[in-house]
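Each reported figure results from applying straightforward, stated rules to the coordinates on display, with no laboratory input. Computed from a predicted model, the values in this text were never measured in an experiment. Neighbour counts run over all protein chains shown; Cβ positions are idealised from the backbone, glycine included.
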Amino acid sequence: MQKPVELIVFDWDGTLFDSVGQIVESLLFAAKVYEQPLTPEAAKSIIGLGLPEVAQVLFPQVPELHADILKCYGDHYVEHSKDDQWFDGVSEMLYDLKNQNIKLAVATGKSRRGLDRVLAQTQSLELFEVMRAANETKSKPDPLMLTEILNYTGMDATQAIMVGDTSYDLEMAQKIAMPRVGVSYGVHSVDVLKTFNPLMIANNVTVLHQFLKTQINTSEVA
């Protein structure tokens, strides 16, 4: 018998939070300050990784500048991201799932400091059972942050669903056989997301919300 879905793990940037444009802009700003080549496409492609991994991928030629570039990026992002917010429908989706006694979690490439800032910005700390930021564990696509979330909640992977907009999200879930759902309104394309065999790919939050409700209801019947 299928175990009921009791835990849904969300990525943050590009899945719940409409912040991709500002992340790209801040990375481009930092690259320009330190005279490093960077295209918008390359900057967008690494969203979801932890910051040290971002620097290694985007600026491998100047390891001595990584700390300075990341600080410049972080300062610019904090200064200019105050108006970033959830995608339309996210608040309703999260509160509805919470009201159905589904445990909610976050697995993000943000640092804990960055995550705490946006949780305060969205006044959403109470919604989530557990959260893992990249600097507290291993960066995606290593599945350690998901394993830690499962251990904390006492669930196994078959009782959970990972929701994300990047290959990093879906790959880490695939590595531990956790069911997964992609969203196409964030960073990576549908074709990229499909390679990780998601249950489905949602093109907006309303579709995502309805699908997750279906999975909860189906598992309860089973």
Take the alpha carbon gyration tensor of region 56-174, find the square roots of its eigenvalues, order them as a ≥ b ≥ c, and report rounded if a/c is under 1.5; if not, report prolate when a/b exceeds b/c, else oblate.
oblate
Average Cα contact separation per residue, the chain, under 8 Å, 6 or more apart, as relative contact order %
27
Can you compute 3J(HN,Hα) from phi for each residue in region 137-149, using the Karplus curve 6.51 cos²θ - 1.76 cosθ + 1.60 with θ = phi - 60°, rounded to whole Hz and x for Gly and Pro?
8, 8, 5, 3, x, 4, x, 4, 5, 5, 4, 5, 5
With +1 on the Cβ of every Lys and Arg and -1 on the Cβ of every Asp and Glu, and nothing else charged, how large is the dipole of the chain about its Cα centre, in debye rounded to the nearest 20?
400
Label zone at Ala42, where the point sits 7 Å out along the Cα-to-Cβ direction: region 126-143 residues whose backbone N lies under 18 Å:
none
Alpha carbon centre of region 158-184 versus region 1-75: separation in Å?
19
Would you mind calculating the relative contact order of region 19-81 from Cα pairs under 8 angstrom and at least 6 residues apart, reporting the percent as a whole number?
43
Dipole check, the chain, charges on Cβ (K,R +1; D,E -1), about Cα centroid: among Thr214, Ser26, Ser139 the Cα furthest to the positive pole belongs to Thr214
So, R0 is 41 Å and r is the distance between the beta-carbons of Lys194 and Val62; what FRET efficiency does that work out to, to 0.05?
0.70
Less than 12 Å Cβ to Cβ from Gln22, Lys/Arg counted +1 and Asp/Glu -1: what total charge do the surrounding residues give?
-4
Testing the spin-label approximation: label points 7 Å from Cα along Cα→Cβ at Asn151 and Glu35. State their distance in nm.
4.6
Nearest-0.05 FRET efficiency for Val78 and Lys3 at R0 = 35 Å, using Cβ-Cβ distance, is 0.30
Label-point gap, in nm, between Lys71 and Thr206 - each point 7 angstrom along Cα→Cβ:
4.7
Measuring from label point to label point, each 7 Å out along Cα→Cβ, what is the Gln85 to Lys175 span in nm?
3.6
GluC sites (Glu not before Pro) within region 1-62, DSSP loop, no more than 10 other Cβ atoms inside 10 Å:
Glu35
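For Arg117 and Glu136, compute 0.36 nm times the residue count separating them, minus their Cα-Cα distance, and round to one decimal in nm.
5.3 nm
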